[in-house]
Amino acid sequence: GIKTFGSTFKNPDPDDPRAEGRTAGQLLADAGCAGLSVGGARFSPKHANFVENTGDATTADVIALMADGRRRVLERFGVALEPEVQVLGEAEWPGGLGP
């Protein structure tokens, strides 16, 4: 019953030693992103690679949340997660952390 748009980031290359064999969801969870929210958007507490709409998420909320998750994984593990979702139209990615 929770609204999500499915898998948010692609899994890193399995040969990338920085990822240590972890999926995007595992990296996000290990970086403290499970349950993290911005406005009405949050990374699922059950599967951190799913963004949930808690009722009133805007595109800006989702993009800010994705950028924050990507930044946290990059800072902690040196892995730059690549978005699996496509953003249509103009979008401002905070901190230059867009795709």
Within the stretch 4-25, can one find any residue that is at pLDDT below 90 and open to solvent by less than 40 Å² (accessible area, probe 1.4 Å)?
yes
Can you tell me how many residues in the stretch 4-50 are part of a helix (DSSP H, G or I) and either of a type in the set (Val, Ile, Thr) or closer than 14 Å to GLU84 by Cβ (or both)?
4
Flagged pairs (Cβ under 9 angstrom, 6 or more apart or on separate chains; first in the stretch 17-38, more than 13 Å from ARG72 (Cβ to Cβ); second open to solvent by less than 50 Å² (accessible area, probe 1.4 Å) and among the charged types (D, E, K, R)) are SER37/GLU52; SER37/ASP61
Among (1) open to solvent by 60 Å² or more (accessible area, probe 1.4 Å); (2) hydrophobic (A, V, I, L, M, F, W, C); (3) under 14 Å from the mean Cα position of the chain (by Cα), which single condition is ALA41 missing?
(1)
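One line per residue, one yes/no per condition, for (1) surrounded by fewer than 19 Cβ atoms within 10 Å (Cβ to Cβ); (2) at pLDDT 95 or above; (3) among the polar types (S, T, N, Q); (4) touching a Lys or Arg at 6+ places or on another chain (Cβ under 6 Å):
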position	(1), (2), (3), (4)
ALA29	no, yes, no, no
GLY35	yes, yes, no, no
ALA57	no, no, no, no
ALA67	no, no, no, no
VAL79	no, yes, no, yes
VAL85	yes, no, no, no
GLU90	yes, no, no, no
GLY96	yes, no, no, no
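The values are calculated or read from the model by the stated rules, or taken from the named source; none is laboratory data. Predicted model, so just to flag it, every value in this text is computed and none were measured. Please note: Cβ atoms are built from the backbone with ideal geometry, for glycine as well, and neighbour counts cover all protein chains shown. To get the accessible areas, we keep the full protein, side chains included, count just its heavy atoms, and leave off ligands, DNA and RNA. Shrake-Rupley method; radii C 1.70, N 1.55, O 1.52, S 1.80 Å.
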